[in-house]
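Just so you know, all these numbers are worked out from the coordinates, no wet-lab data involved. Since the structure is predicted, the reported quantities are computational estimates derived from the model, not experimental observations. Cβ placement follows ideal geometry from the backbone for every residue including glycine, while neighbour counts extend to all protein chains displayed.
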Amino acid sequence: MKPRLNALLLSTLLIPVALLDQGCQTQPGPTAGVHQVQPARTKAAQQAMTPREALAELQAGNQRFVSGHPLGGDPLARVKTTAAGQYPIAAVLSCIDSRQPIELIFDQGIGDVFSARVAGNILDDDILGSLEFACKVAGAKVIAVIGHSNCGAIKGAADGVVLGNLTGLLGRIKPAIDRVPPEVQPRNSKNHEFVEQIAEANVRLVLEQIRERSPILRELIDQGQVLLVGGMYDLATGRVRFYGH
Ligand SMILES: [Zn+2]
């Protein structure tokens, strides 16, 4: 049963990539896609998927998004088929920035991903608890921490902005600032290179914090049941670059 499901799953993952590789001359565009019906993922399909296959699906989905050929589908149909249960493949922690909606940039539908969003994609106890729920209780296979270029929260932290409750949030980014080599000057938001290096260091910091602060997630990761990955989203191209994993 399981190998067959795996094969089925793989075939659905690989077909769009294969078409893209052929130059996608005849690939239907987004308009044609709305006529397709993307069935909701079943519990069996979620359980049969390996963490690497789940990551491959995120990568393939971003490739579909960047190439302008999302799978499409009928969101309202998905609402109905997922109402009784959800079996997402991944939990994604990202920034609240309006320009990086996770389901769109990974070409995923309703019921496909848990999405935790907070300015600067920082970690706190509530986010950590949400990730524990997503993986330990609800079976997600990947935790992806996705920062992005030109992030306002990172810039605010770089400039030491003080503003209401935002002050404390930006304080969580400060350890990432300290990781950027002192040669990178000037150290303010006007320096694009400084901002991008903080954003990347911040993602790596959060990856470490997830492992350190959650014995539950650390065990799942060490046992190979969950893959922990980081990446950066480029606001200008729509592309997600995952770090080595
Ligand atoms: Zn941001």
Along principal axes, Cα extents of segment 87-168, largest first, whole Å:
40, 26, 16
If amide hydrogens are placed 1.01 Å from N in the peptide plane, which non-local residues have theirs closer than 5 Å to the one on residue 74?
38
Model label zone, residue 130; criterion: amide N under 19 Å from point 7 Å along Cα-to-beta-carbon; scope segment 226-245
227-233
For residue 155, list the aspartates and glutamates whose Cα falls under 19 Å from its own Cα; do not include residues on the same chain fewer than 8 positions away.
97, 178, 183, 193, 196, 200, 234
Once phi is turned into ³J(HN,Hα) by the Karplus curve 6.51 cos²θ - 1.76 cosθ + 1.60 with θ = phi - 60°, what whole-Hz value does each residue of segment 220-237 show in order, with x for glycine and proline?
4, 5, 5, 7, x, 7, 9, 9, 9, 9, x, x, 10, 9, 8, 4, 7, 10
Go through segment 128-140 residue by residue and turn each phi into a ³J(HN,Hα) via Karplus (6.51, -1.76, 1.60, θ = phi - 60°); whole Hz please, and just put x for glycine and proline.
4, x, 5, 5, 5, 4, 4, 8, 6, 8, 9, x, 5
Which whole-Hz ³J(HN,Hα) couplings does segment 107-117 yield from phi under the Karplus relation 6.51 cos²θ - 1.76 cosθ + 1.60, θ = phi - 60°, glycine and proline marked x?
6, 10, x, 4, x, 8, 9, 7, 10, 9, 10
For residue 92, residues with placed amide H under 5 Å, excluding near neighbours:
114, 115, 116, 144
What three numbers, in Å, describe the spread of the alpha carbons of segment 160-213 along their principal axes, ordered from the longest?
33, 27, 14
For residue 43, give me every one of the lysines with a C-alpha distance below 25 angstrom, ignoring sequence neighbours fewer than eight places off in its own chain.
2, 80, 136, 141
C-alpha center-to-center spacing [segment 186-204, segment 206-239] in angstrom:
20
